[in-house]
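Accompanying notes for the structure given below.
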Amino acid sequence: MTSGTPSPFGVVIVAAGSGTRLGHATPKAFVELGARTLLERAIDGVAAAVENFEIVVVAPADRLDEAGRTAHRVSERARVVSGGATRQASVAAGLAALPDSVEVVLVHDAARALTPSAVIDRVARAVRDRGIGVVPALRVIDTLKRVAAAPQSQPLDSDEILQAVDRAELVAAQTPQGFPRTALQSAYDAATEEHTDDAALFAAAGGTVVVVEGDALGFKITTPADLERAEHLVGGADRMRTGIGIDVHAYDESAPLWLGGLYWPDEPGLAGHSDGDAVLHAICDALLSAAGLGDIGSRFGTADPRFADARSEVFLAETLALVGGAGYRVQNVAVQLVAQRPRLAGRRLEMEAHLSALVGAPVSVAATTSDGLGFTGRGEGVQALATALILG
């Protein structure tokens, strides 16, 4: 979710298409997929990214209010503008509405509503690090044939195969496509013809574009068959999912002890990149595992200086945003602490109440020792195990 500080990352979500091929009277981005519009799902994917984004939605003129309500649920600073006669004109309108703080801009199709937030982060960071155009893509796995030219709107019917096409050099491009903002704006200003996507326009102006790994969920919902596929995927997520998390930390006599979000005076602290709260770390891993969103190391790695000495409640808040953005809600969490100290009995109810408030769902906590076995039994550190149940 966009914070109060202006972000160097911006995204233009193109939602102005008519969606004629989808077979709906409603503009495509406003067609519902599992009781939520494609646009809402696309925006939630951006909101679930680790990086913060300034958001501009380009919508049909008669849908600005509806698009605005959806976008503002994520960020009150999100902007909504009217689209143009072509996709290129719509993107240009979105670029013009981005705030001055934006240095890296992503252009995303609302029709790719199930694109994982990890792909969005991957593209944004690659543009930031390399200063060139970046497109998520998948290798082509089907055998390809070139046929006699025919309108794409027409079904294949006895079209003659002219030759095979070597797929080794081919990829299927997806969105969001990312670019340095100044360079993309210059490319748009210089454009004299329509291009199939922003990468083609950028390359035509002399820009370099590379690919990063996309995701199969980033497919474009264009036809009724695409929508049916997406409905099956969303419907398949509408069930219980479970995840497991585990974390261990050694004692550090020089550090304060934070465990389960509580401060424990007169107890040795835990060594770690952040405050070492093994209970919260295990909960984060369990939630991320359940939602299929990776793990705490990939999301908040020790190499990232932003999280040095951070309170673990920051990680939990970000994790809950990721899980919610992926369309899940937490049903309950259970934690088992294995340690010689601190003694949990006197504060167990306090910890459960505090964790339940943080998670927004019931959290139960239990503790045990390991009968003198292993590093916990020798009093060298603590181990926390967590299981999470979420609903899609």
**Prompt:** Within a Cβ distance under 14 Å of residue 100, other residues only, what is the Lys/Arg minus Asp/Glu net charge?
**Reply:** +1
**Request:** State the volume of the convex hull built on the alpha-carbon positions of region 175-285, expressed per residue in Å³ and rounded to an integer.
**Result:** 201
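Can you quote the Å³ per residue value for the convex hull of the Cα atoms in region 135-236, rounded to an integer? Write out the running numbers ahead of the final one.
Details: hull volume 16.2 nm³, N = 102.
Spelled out: Cα convex hull of region 135-236, divided by residues, is 159 Å³.
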**Prompt:** How would you rank 365, 171, going from fewest to most other Cβ atoms within 10 Å of each one's own Cβ?
**Reply:** 171, 365
**Prompt:** Taking neighbour Cβ counts within 10 Å as the exposure measure, how do 242, 222 sort from fewest upward?
**Reply:** 242, 222
**Request:** Based on a Kirkwood Rh over C-alpha pairs, give the Stokes-Einstein translational diffusion coefficient of region 332-392 at 4 °C and viscosity 1.567 mPa s in µm²/s.
**Result:** 105
**Cα-based Kirkwood hydrodynamic radius, region 71-190, one decimal, Å** = 17.2
**Message:** Given Cβ point charges of +1 (Lys, Arg) and -1 (Asp, Glu) and nothing else, what value in debye, to the nearest 20, does the dipole of the chain about its Cα centre take?
**Reply:** 420
**Asked** When Lys and Arg each count +1 and Asp and Glu each count -1, what net charge do the other residues less than 15 Å away from residue 160, Cβ to Cβ, add up to?
**Response** 0
**Message:** If I take every Cα pair under 8 Å that is 6 or more residues apart in the chain, average their sequence separation and divide by the length, what percent do I get for the relative contact order?
**Reply:** 15
**Calculated from backbone phi, Karplus (6.51, -1.76, 1.60) coupling profile of region 260-272 in Hz, x at Gly/Pro** = x, x, 10, 8, 10, x, 6, 10, x, x, 10, 6, x
**Message:** For a protection proxy built on the mean count of beta-carbon atoms within 10 angstrom, sort 37-44, 89-96, 104-111 highest first, please.
**Reply:** 104-111, 37-44, 89-96
**Complete:** Computed over region 258-392, the Cα gyration tensor eigenvalues, each multiplied by 5 and square-rooted, give semi-axes in Å (largest first) of 24, 17, 13
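If you rank 144, 287, 358 by fewest surrounding Cβ atoms within 10 Å, what's the result?
By the 10 Å Cβ count, ascending: 144, 358, 287.
No lab work stands behind these numbers, since they all come straight from the coordinates. Computed from a predicted structure; not experimentally measured. Neighbour counts run over all protein chains shown; Cβ positions are idealised from the backbone, glycine included.
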